Amino acid sequence: MTAPPYGAPVPPPQKSKKGLFIGLGIGAVVLLLLITCGGVIGFVAFNDDDDDPTPGPSTSVAAPDPTAASPSVAPQPGEPEPDNNNAVTAQSSSDMSAVCDGSPILNAAPYTSPKGAKVLTFSNSPERPSSWRSESFGYGKPYYARSTEWATVGIVGCLTYIEGSEGPGRKCDYKDSSQKTVTIDYVSSRYTLTFHNAKTGVKVGDGGTVNAPATRCPSFISYNRTTMKAYARPDDGALELALDKFTG
């Protein structure tokens with residue numbers, strides 16, 4: 001072959017595209033495998049996050065065992081299906097107060113009769129009618145349950161403030177955080193006591209009317225800074241008599 005004249009461009013040798021096609025083919029297969037594996041990993045990770053319940057309030061929480069089956073709140077064979085959409089699962093004793101708002105407790109102890117049953121009692125107040133606080137009384141009685149024994153409770157007692165029952169009390173003087181003397185209007189009132197099956201929410205008994213006397217100033221008081229009022233709590237003695245009668 002005669003050499004091209006000086007300055008004429010020499011066309012580069014043509015390269016085979018076979019290697020390019022093979023490389024693209026391998027890359028597509030690898031990409032497909034990564035997408036497929038990525039989809040599976042994402043699904044498993046999503047499911048793992050969904051199945052790992054956030055621990056509720058408790059005195060201690062153990063780390064979850066990844067090999068253990070997730071706890072189920074579904075009714076066991078032989079138990080009736082709950083027919084109340086507001087039924088909840090308790091994680092502490094305070095959660096049991098949901099019964100007073102009409103929500104049964106799915107994992108409460110079964111209720112058969114008042115005799116020998118464990119009871120937790122809650123009360124509201126005129127300033128916070130939808131907020132329920134625990135009433136502790138009757139220590140050593142058969143119905144008494146510690147806050148850590150809430151899972152053994154089959155009955156919830158609800159003390160509901162009677163509208164318009166506010167009565168005279170007394171003036172109580174205290175020192176506030178700045179050591180200034182404040183006078184609190186300590187007010188008496190009355191409550192109605194009802195007993196409910198904790199697992200179904202159904203009312204199973206009446207405890208009558210319970211007074212909340214304000215005859216003496218308590219050593220510690222929580223009051224409304226706007227109204228300078230504090231409401232007395234239900235009488236422990238009356239509550240014990242009502243529980244003795246109902247569970248005896």
* Taking R0 as 22 Å, what's the FRET efficiency between ASP244 and SER94 from their Cβ-Cβ distance, rounded to 0.05? -> 0.35
* To do: Determine, for each peptide in 160-167, 198-205, the mean count of other beta carbons within 10 angstrom over its residues, then list the peptides with the highest first.
  => 198-205, 160-167
* Compute the normalised compactness of the stretch 119-228: alpha-carbon radius of gyration over 2.2 N^0.38 Å, N being the residue count. => 1.25
* To do: Under 10 Å from the Cβ of PHE195, count the other residues' Cβ atoms, weight Lys and Arg +1, Asp and Glu -1, and hand me the total.
  => 0
* Extension gain (nm, one decimal) between ARG170 and THR215, 0.36 nm per residue minus Cα-Cα -> 15.5 nm
* Asked: Say the cut-off is 28 Å between C-alpha atoms; which of LYS141/LYS229; LYS199/LYS245; LYS203/LYS229 go over it?
  -> LYS141/LYS229; LYS203/LYS229
* Computed lengthening from ASP236 to SER136, 0.36 nm per intervening residue step minus Cα-Cα distance -> 35.2 nm
* Structure fact -> Neighbours of TYR231 by Cβ distance under 9 Å: Lys/Arg at +1, Asp/Glu at -1, summed charge 0
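Where a number appears in this text, it was derived from the coordinates with a stated rule and is not lab data. None of these values were measured; they are calculated from a predicted model. Note: ideal-geometry Cβ built from the backbone for every residue, glycine included; neighbour counts use all protein chains shown.
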